[in-house]
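Since the structure comes first, as structure tokens, the remarks are kept for the end.
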Amino acid sequence: MRVILDAERMEGRDETFLYLREQFQFPEYFGNSLDALYDCLTELRDTTVVIENEARAGAWYKKVRGVISDACRENIYLKVEK
């Protein structure tokens, strides 16, 4: 699976988690927290994340990017492509 994320869309907390849920097609039980994001990311298989518009990133992007990086270290099946 290839997931394209627009960093510019990660401005506010609620909007960011809704956007991530849609982009990753997370299940309904996704908990809208950084911990839940990490848990779901570490369960993914054969997934490449492409991040666009980092230069115009929203306020929540840095938090999300940190969680994605941590999950990549834990999950060998999750990659970030630049």
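The values are calculated or read from the model by the stated rules, or taken from the named source; none is laboratory data. Since the structure is predicted, the reported quantities are computational estimates derived from the model, not experimental observations. With ideal geometry, Cβ positions are generated from the backbone for all residues, glycine too; neighbour counts draw on all protein chains shown. All accessible areas refer to the heavy atoms of the entire protein, side chains included, with ligands and DNA or RNA removed. Shrake-Rupley method; radii C 1.70, N 1.55, O 1.52, S 1.80 Å.
General remarks:
- Filter result (of a type in the set (A, V, I, L, M, F, W, C) and either open to solvent by 20 Å² or more (accessible area, probe 1.4 Å) or within 11 Å of V64 (Cβ to Cβ) (or both)) within the stretch 1-11: M1, I4, L5, A7, M10
- All positions within the stretch 20-70 that are in contact with a Phe, Trp or Tyr (Cβ under 7 Å, 6 or more places away or on another chain), under 12 Å from V3 (Cβ atoms) and of a type outside the set (A, V, I, L, M): R21, C40, D46, T47
- Check on A55, open to solvent by 20 Å² or more (accessible area, probe 1.4 Å) and not in a helix (DSSP H, G or I): no
- Matching residues in the stretch 25-52 - criterion: being open to solvent by less than 30 Å² (accessible area, probe 1.4 Å) and assigned to a helix (DSSP H, G or I): A36, L37, C40, L41
- Qualifying residue in the stretch 30-50 (condition: on the phi < 0 side of the Ramachandran plot and modelled with pLDDT under 95): yes
- Criterion violated by D14 - all others in (1) assigned to a strand (DSSP E or B); (2) loosely packed, with under 12 Cβ neighbours inside 10 Å satisfied: (1)
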